[in-house]
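Following: one structure in structure tokens, then a few remarks.
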Amino acid sequence: MTVALTAVATTTRSVLLRDVDHRVDRLLAQETGEFANFVREGVDPRTGERFTDPDPLLNLHLERQYADPDEELLGLVDRGAHRTPAKKEQSREVRVGHPLAKDPAGLRAVFASPDATGTLDRPGGVVRWSKVEIGGAGTGAGRPEAAFVVAFHPEREQAKAESVFHMLLAISGVALLMTTGIALPVAGRILRPVRLVRTTAAQLTEQDLTQRIPVQGRDDIAALAETFNGMLDRLERAFAAQREFVDDAGHELRTPITIVRGHLELMGDDPREREETVRIVTEELDRMSRIVEDLLLLAKAERPDFVTPEPVQLAELTADVFVKARALGERDWELTEVAEAEAELDPQRITQAMVQLAQNAVQHTVPGQRIGIGSRVVRDRVVRERDGHERDGRERVELYVADAGPGVTDADAAVIFERFRRGTARRGSRGTGAGLGLAIVRAIAESHGGRAELSRTDDRGATFTLVLDLNRTEPK
């Protein structure tokens, strides 16, 4: 702003000084033009004839002219080389500090100059002058007999321009101080969220991710604060999930390790006891292996390449899942319905999730109980637009496994899809699983941009459903 204000003041000064020069040029041209016209057309009032002597010509013209305050009108008559020409002045008092009429050296320089106009630099000040020569056969070779001289002293006009320039500088300085005084608190207020972002980021630790930035307004700074708060929310959830995951994994892995160590420490020399110990240890190691594989699978679910969607016929996919599920146990398997549609999904991951649901149903039913597998296309209800028109809702795919077991309590339903969570009412005990199967099902559904749902079946059992958007072509 300092540079801009200085440039404005300097430019204004240049414009004003240029206007002074233009006014002086016009005044000099006007005065000399009037005298030249008088020389051509003027007559001596005493004789009625044209002027033949420069003295009466200059005297008469000077009597009829009125000089401006900074202007001098002079008549100079040659008196020979190296001598100051005789001068003829107006009878009125000259209102300049150092008139040219009282400067013999300046008069000689102007009279002897071959130019019709020029600038004379004197100790007493600069003089802009212009002259009209009369005759050419004077006492010196090539010197005029006389000359009419218009001298203008531009100091006063230039001083006005300088005064305006200094006034602009003063006003600019005051404006700069006022603007600085206003801009400092305003800039501080605008940048306060940025400083809060920096301070909050410096205070963040893995143990404390609760710091948030207060959001005010709807500008870009507020959007930055909202984005930063959203990032902190995601980080807090991620760290919380990581801590919970590590705690649960450590707890789940600690149990089989304790069992293995205890049986090995108590193992005796009896062959049957040793055989039983080996069997128990092998089962626990297998369970640990399944837990590790499930953990790795859940870790892969966070990667963008976890699913590879492709066009899949739902009827064919449902039939393949039904055939594979029938080998899981002796149940009353039923293919309830088949969707005749095509969807973008990863057939291997969806098959893995459906088989996991079927395995879960087998674990919580007894031989002969019914387990149904099916798929269907569901259209959302009609949506009414603001303009009154109606349009069809979005279509979604539902792949489900319904069993006739004991069902799921409301308390279990709220946490059953979380990691290391197992229902307690399905068979009256926690079972032998690690509680990762339904978490894997949910991860596969969410990777497709869908969700996993639990509902109650008509015969008091449980129905687990994968809900996928039929129109979705990209994984979540």
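Quick check: anything in the range 272-279 in contact (Cβ under 8 Å) with a residue 40 or more places away in the chain and either hydrophobic (A, V, I, L, M, F, W, C) or part of a helix (DSSP H, G or I) (or both)? It would help to see each step written out before you state the result.
Kept after step one, since they are in contact (Cβ under 8 Å) with a residue 40 or more places away in the chain, are these residues of the range 272-279: none.
No - not one qualifying residue is present in the range 272-279.
Which one of the conditions (1) open to solvent by less than 50 Å² (accessible area, probe 1.4 Å); (2) part of a helix (DSSP H, G or I) does T255 fail to meet, given that it meets all the rest?
So the condition that T255 fails would be (1).
Can you spot a residue in the range 197-207 that is among the hydroxyl-bearing types (S, T, Y) and in a helix (DSSP H, G or I)? Even if it seems obvious, please write down each step before you answer.
Here is the first cut: in the range 197-207, the residues among the hydroxyl-bearing types (S, T, Y) are 199-200, 205.
With in a helix (DSSP H, G or I) added as a condition, the list becomes 199-200.
Within the range 197-207 (the criterion being among the hydroxyl-bearing types (S, T, Y) and in a helix (DSSP H, G or I)), the answer is yes, since at least one residue qualifies.
Can you name the number of the only condition in (1) farther than 30 Å from V186 by Cα; (2) surrounded by 12 or more Cβ atoms within 10 Å (Cβ to Cβ); (3) at pLDDT below 85 that F228 fails?
(1)
Taking interchain pairs and intrachain pairs at least six residues apart, which have beta carbon atoms under 6 angstrom, with the first residue in the range 334-360 and free of Cβ contacts under 8 Å to residues at least 40 places away in the same chain and under 14 Å from A445 (Cα atoms) and the second of a type in the set (D, E) and surrounded by fewer than 16 Cβ atoms within 10 Å (Cβ to Cβ)?
Taking only residues 6 or more apart or on different chains, not a single pair turns up.
Among the residues of the range 4-29, which ones are open to solvent by less than 70 Å² (accessible area, probe 1.4 Å) and of a type in the set (S, T, N, Q)?
Passing the criteria: T6, T10, T12, S14.
Does the range 108-125 hold any residues that are closer than 16 Å to D78 by Cβ and free of Cβ contacts under 8 Å to residues at least 40 places away in the same chain, and which are they? Give the derivation first.
Going residue by residue through the range 108-125, those that are closer than 16 Å to D78 by Cβ are 108-114.
Answer for the range 108-125, where residues must be closer than 16 Å to D78 by Cβ and free of Cβ contacts under 8 Å to residues at least 40 places away in the same chain: R108, A109, F111, A112, S113, P114.
If V186 meets every condition in (1) hydrophobic (A, V, I, L, M, F, W, C); (2) open to solvent by less than 80 Å² (accessible area, probe 1.4 Å); (3) touching a residue at least 12 places away in the same chain (Cβ under 8 Å) apart from one, which number is that one?
Of everything listed in (1) hydrophobic (A, V, I, L, M, F, W, C); (2) open to solvent by less than 80 Å² (accessible area, probe 1.4 Å); (3) touching a residue at least 12 places away in the same chain (Cβ under 8 Å), V186 misses just condition (3).
Against the condition modelled with pLDDT of 85 or more and either in contact with a Gly (Cβ under 8 Å, 6 or more places away or on another chain) or among the acidic types (D, E) (or both), how does L468 come out, does it pass?
Values: modelled with pLDDT of 85 or more: yes; either in contact with a Gly (Cβ under 8 Å, 6 or more places away or on another chain) or among the acidic types (D, E) (or both): yes.
Yes, satisfied.
Go through A452, A445 for me and flag whichever is touching a Lys or Arg at 6+ places or on another chain (Cβ under 8 Å), modelled with pLDDT of 85 or more, in a strand (DSSP E or B) and not basic (K, R). Walk me through it before giving the result.
Values: A445 fails: in a strand (DSSP E or B).
Being touching a Lys or Arg at 6+ places or on another chain (Cβ under 8 Å), modelled with pLDDT of 85 or more, in a strand (DSSP E or B) and not basic (K, R) holds for just one of A452, A445, which is A452.
So L120 passes all but one of these: (1) open to solvent by 50 Å² or more (accessible area, probe 1.4 Å); (2) in contact with a helix residue (DSSP H, G or I) (Cβ under 6 Å, 6 or more places away or on another chain). Which condition number does it fail?
Evaluating L120 over (1) open to solvent by 50 Å² or more (accessible area, probe 1.4 Å); (2) in contact with a helix residue (DSSP H, G or I) (Cβ under 6 Å, 6 or more places away or on another chain) leaves (1) as the failure.
Which numbered condition in (1) more than 47 Å from the chain's Cα centre (by Cα); (2) within 23 Å of R419 (Cβ to Cβ); (3) open to solvent by 50 Å² or more (accessible area, probe 1.4 Å) is the only one that E284 fails?
In the conditions (1) more than 47 Å from the chain's Cα centre (by Cα); (2) within 23 Å of R419 (Cβ to Cβ); (3) open to solvent by 50 Å² or more (accessible area, probe 1.4 Å), E284 misses (3) alone.
Looking only at the range 156-176, count every residue that is touching an Asp or Glu at 6+ places or on another chain (Cβ under 9 Å) and either exposed (fewer than 15 other Cβ atoms within 10 Å of the Cβ) or under 14 Å from V8 (Cβ atoms) (or both) and tell me the total. It would help to see each step written out before you state the result.
As a first pass, look at the range 156-176 and keep what is touching an Asp or Glu at 6+ places or on another chain (Cβ under 9 Å): 156-157, 161.
Narrowing the set further to residues that are either exposed (fewer than 15 other Cβ atoms within 10 Å of the Cβ) or under 14 Å from V8 (Cβ atoms) (or both) leaves 156.
Here the count works out to 1.
Looking at the structure I just gave you, is T180 under 20 Å from G33 (Cα atoms) and surrounded by fewer than 19 Cβ atoms within 10 Å (Cβ to Cβ)?
In short, no.
Just to check your reading of the model, which residue among E252, E206 is over 23 Å from G435 (Cα atoms), touching a helix residue (DSSP H, G or I) at 6+ places or on another chain (Cβ under 7 Å) and modelled with pLDDT under 75?
Of the residues listed, the single one that is over 23 Å from G435 (Cα atoms), touching a helix residue (DSSP H, G or I) at 6+ places or on another chain (Cβ under 7 Å) and modelled with pLDDT under 75 is E206.
Looking only at residues in the range 37-79 that are part of a loop (DSSP other than H, G, I, E, B) and of a type in the set (G, A, S), which one is surrounded by the most Cβ atoms within 10 Å (Cβ to Cβ)?
Step one: of the range 37-79, the residues part of a loop (DSSP other than H, G, I, E, B) are 42, 44-49, 51-53, 65-70, 78-79.
Filter once more, so that each one left must be of a type in the set (G, A, S): 42, 48, 67.
On the way: G42: 16, G48: 7, A67: 20.
Residue satisfying both the conditions and the ranking: A67.
Hey, any hits in the range 299-313 for a residue that's touching a helix residue (DSSP H, G or I) at 6+ places or on another chain (Cβ under 6 Å) and part of a helix (DSSP H, G or I)?
Going through the range 299-313, the residues touching a helix residue (DSSP H, G or I) at 6+ places or on another chain (Cβ under 6 Å) turn out to be 301, 306-307, 312.
Still in the running and part of a helix (DSSP H, G or I): none.
No, there is no match, as no residue in the range 299-313 is touching a helix residue (DSSP H, G or I) at 6+ places or on another chain (Cβ under 6 Å) and part of a helix (DSSP H, G or I).
The values are calculated or read from the model by the stated rules, or taken from the named source; none is laboratory data. Remember, it's a predicted structure, so these values are computed and weren't measured experimentally. No Cβ is skipped: glycine too gets one built from the backbone with ideal geometry, and neighbour counts run over all protein chains shown. Note: accessible area is taken over every heavy atom of the protein model, side chains too, but ligands, DNA and RNA are not part of it. Shrake-Rupley method; radii C 1.70, N 1.55, O 1.52, S 1.80 Å.
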